[in-house]
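**Q** My questions all concern the structure below.
The values are calculated or read from the model by the stated rules, or taken from the named source; none is laboratory data. Computed from a prediction, not measured in an experiment: that's the story for all the values here. Ideal geometry is used to build each Cβ from the backbone, glycine not excepted, and the neighbour counts take in all protein chains shown. What goes into the accessible areas is simple: the full protein's heavy atoms, side chains included, and nothing from ligands, DNA or RNA. Shrake-Rupley method; radii C 1.70, N 1.55, O 1.52, S 1.80 Å.
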Amino acid sequence: MELRLDRLTKQFGSHIAVDRVSFSFTPGVYGLLGANGAGKTTLMRMICDVMRPTSGSVLFGGTPIDQLGDGYRARLGYLPQDFGYYPDFTACDFMMYLASLKGLTAQQAKVRTRELLGVVGLAEAAKRKVKTFSGGMKQRLGIAQAVLNDPSVLVLDEPTAGLDPKERVRFRNLISSLAQEKIVILSTHIVSDVEYIADEILVMRAGGIITTGTVEEITGDIRGCVWECAVAPREADAMSASLTVGNIHYAQDGSAIVRVVAQQRPHPSARAVEPTLEDVYLYLFQEQSGCLPVSQTKAEVGQDAIARRKGAHRG
Ligand SMILES: Nc1ncnc2c1ncn2[C@@H]1O[C@H](COP(=O)(O)OP(=O)(O)OP(=O)(O)O)[C@@H](O)[C@H]1O
Ligand SMILES: [Mg+2]
């Protein structure tokens with residue numbers, strides 16, 4: 001099973017929201033990571049055939065999805081970012097309603113609704129109105145409706161928005177349990193949401209996929225570029241102004257432990273540490289924030305390795 005994006009592009013007026021994205025998805029969990037406005041939702045909407053690309057195509061099993069039509073949609077599950085929940089429906093009614101829209105028989109809908117509300121931990125709340133649900137409960141209901149038809153391709157746009165840490169853990173486990181033999185694509189701008197569950201990360205910026213790979217691969221790209229040093233708080237402020245600084249932790253002894261993403265040792269006391277996905281994110285977005293000269297960020301570490309990464313290319 002392959003879902004392929006071929007130079008997929010969406011332009012709104014003069015603004016290019018998705019810019020010639022090519023990528024091949026096979027079963028697995030993919031985390032689409034990018035800042036606000038990067039183009040994640042636009043890309044997902046085209047994958048889900050609710051928005052027509054300006055150019056390029058989405059192919060499922062080698063056939064363009066606009067030729068597959070309902071046959072494709074029957075194999076697709078989608079949780080939109082701005083999902084409408086029908087507040088006066090109960091969870092059960094809501095699932096039954098969507099099941100009928102998806103073409104399940106009444107009997108299938110009943111069985112599937114009971115089963116899925118159980119899977120997402122909403123069995124007890126099945127008869128409660130959706131307007132009484134917490135954000136996390138709504139998100140779980142959204143995931144349940146997306147998998148009603150046992151889709152081969154599951155697209156979840158910001159499924160963890162508004163979840164507390166416990167719900168996030170629950171969500172990750174839920175996705176892992178549902179993901180078998182499916183292509184699961186989920187978007188977020190929260191690094192930790194995809195760090196543990198995604199087999200592959202796709203980082204989007206300004207409409208393009210700028211890097212892809214496993215967490216190990218893409219963190220490996222910036223090995224030697226992440227540092228920690230203990231400095232005086234005043235020095236920490238100065239470093240924040242001129243360097244790409246991640247966490248600053250103020251220790252009991254009054255010093256500040258500063259994490260820095262930089263090509264060169266940022267301070268005589270700095271020691272190199274293992275990069276995390278969050279560091280990669282800071283690294284990839286530092287050019288935009290102007291923290292480092294472009295020429296420096298384009299140096300041999302990082303970008304060249306990233307450019308060599310399989311799969312995603314512009315053009
Ligand atoms: N219908 C539209 N008409 C005009 N511009 C749009 C439309 N939809 C999206 N855009 C623009 O396209 C760009 C990408 O938007 P998109 O919603 O895909 O980003 P995103 O990565 O999902 O952001 P977020 O993290 O905020 O959800 C933005 O600049 C946005 O303003
Ligand atoms: Mg979005």
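**Q** For Thr63, indicate whether it is hydroxyl-bearing (Ser, Thr, Tyr), away from ligand 1 (no atom under 16 Å from the Cβ) and farther than 23 Å from Asp193 by Cα. Break it down into steps so the answer makes sense when it comes.
**A** Numbers: hydroxyl-bearing (Ser, Thr, Tyr): yes; away from ligand 1 (no atom under 16 Å from the Cβ): yes; farther than 23 Å from Asp193 by Cα: yes.
Spelling it out, Thr63 is indeed hydroxyl-bearing (Ser, Thr, Tyr), away from ligand 1 (no atom under 16 Å from the Cβ) and farther than 23 Å from Asp193 by Cα.
**Q** In the range 143-164, what residues are part of a loop (DSSP other than H, G, I, E, B), within 16 Å of ligand 2 (Cβ to nearest atom) and among the charged types (D, E, K, R)?
**A** Passing the criteria: only Glu158.
**Q** Considering every residue within the range 113-126, establish whether at least one is among the basic types (Lys, Arg) and more than 26 Å from Gly84 (Cα to Cα). Walk me through it before giving the result.
**A** Taking the range 113-126 first, the residues among the basic types (Lys, Arg) are 114.
Those left that are additionally more than 26 Å from Gly84 (Cα to Cα): none.
Checking the range 113-126: not a single residue is among the basic types (Lys, Arg) and more than 26 Å from Gly84 (Cα to Cα).
**Q** Just name the residue that is least open to solvent (accessible area, probe 1.4 Å) out of those in the range 267-280 that are in a loop (DSSP other than H, G, I, E, B), touching a Ser or Thr at 6+ places or on another chain (Cβ under 9 Å) and not charged (D, E, K, R). Steps first, please.
**A** Taking the range 267-280 first, the residues in a loop (DSSP other than H, G, I, E, B) are 267-270, 273-276.
Still in the running and touching a Ser or Thr at 6+ places or on another chain (Cβ under 9 Å): 274-276.
Pick out the ones that are also not charged (D, E, K, R) and you get 275-276.
Details: Pro275: 12, Thr276: 54 Å².
My answer is Pro275.
**Q** When the residues of the range 14-60 are narrowed to those that are charged (D, E, K, R) and farther than 26 Å from Leu284 by Cβ, which ends up nearest to ligand 1 (Cβ to nearest atom)? Can you show your working first?
**A** To start, the set of residues in the range 14-60 that are charged (D, E, K, R) comprises 19-20, 40, 45, 49, 52.
Next, from what is left, pick out any that are farther than 26 Å from Leu284 by Cβ: 49, 52.
Values: Asp49: 16, Arg52: 12 Å.
Ranking the qualifying residues of the range 14-60, first place goes to Arg52.
**Q** Check Asp70, Asp93, Asp82 and return the single one that is without any contact (Cβ under 8 Å) to a residue 12 or more places away in the chain and within 16 Å of ligand 2 (Cβ to nearest atom).
**A** Numbers: Asp70 fails: within 16 Å of ligand 2 (Cβ to nearest atom); Asp93 fails: within 16 Å of ligand 2 (Cβ to nearest atom).
The conditions single out Asp82.
**Q** Return only the number of the condition from (1) over 22 Å from Phe171 (Cβ atoms); (2) surrounded by fewer than 13 Cβ atoms within 10 Å (Cβ to Cβ) that Asp82 does not satisfy.
**A** (1)
**Q** Also: Of the residues Thr26, Thr41, only one is within 12 Å of ligand 2 (Cβ to nearest atom) and hydroxyl-bearing (Ser, Thr, Tyr); which? Steps first, please.
**A** Working: Thr26 fails: within 12 Å of ligand 2 (Cβ to nearest atom).
After applying the criteria, what remains is Thr41.
**Q** Taking the range 149-164 as the region of interest, how many residues are modelled with pLDDT of 85 or more and more than 16 Å from ligand 1 (Cβ to nearest atom)?
**A** Summing the residues that are modelled with pLDDT of 85 or more and more than 16 Å from ligand 1 (Cβ to nearest atom) in the range 149-164 gives 6.
**Q** Ok, one more. May I ask you to say which residue of Ser192, Ser187, Ser134 is touching a residue at least 12 places away in the same chain (Cβ under 8 Å), of a type in the set (Ser, Thr, Tyr) and out of contact with any strand residue (DSSP E or B) (no Cβ under 6 Å at 6 or more places or on another chain)? Can you show your working first?
**A** Details: Ser187 fails: out of contact with any strand residue (DSSP E or B) (no Cβ under 6 Å at 6 or more places or on another chain); Ser134 fails: touching a residue at least 12 places away in the same chain (Cβ under 8 Å).
That would be Ser192, the only listed residue that is touching a residue at least 12 places away in the same chain (Cβ under 8 Å), of a type in the set (Ser, Thr, Tyr) and out of contact with any strand residue (DSSP E or B) (no Cβ under 6 Å at 6 or more places or on another chain).
**Q** Over 30 Å from Val191 (Cβ atoms) and of a type outside the set (Val, Ile, Thr): is that true of Ser57 in this structure? Spell out the reasoning first.
**A** Numbers: over 30 Å from Val191 (Cβ atoms): yes; of a type outside the set (Val, Ile, Thr): yes.
So Ser57 passes the test.
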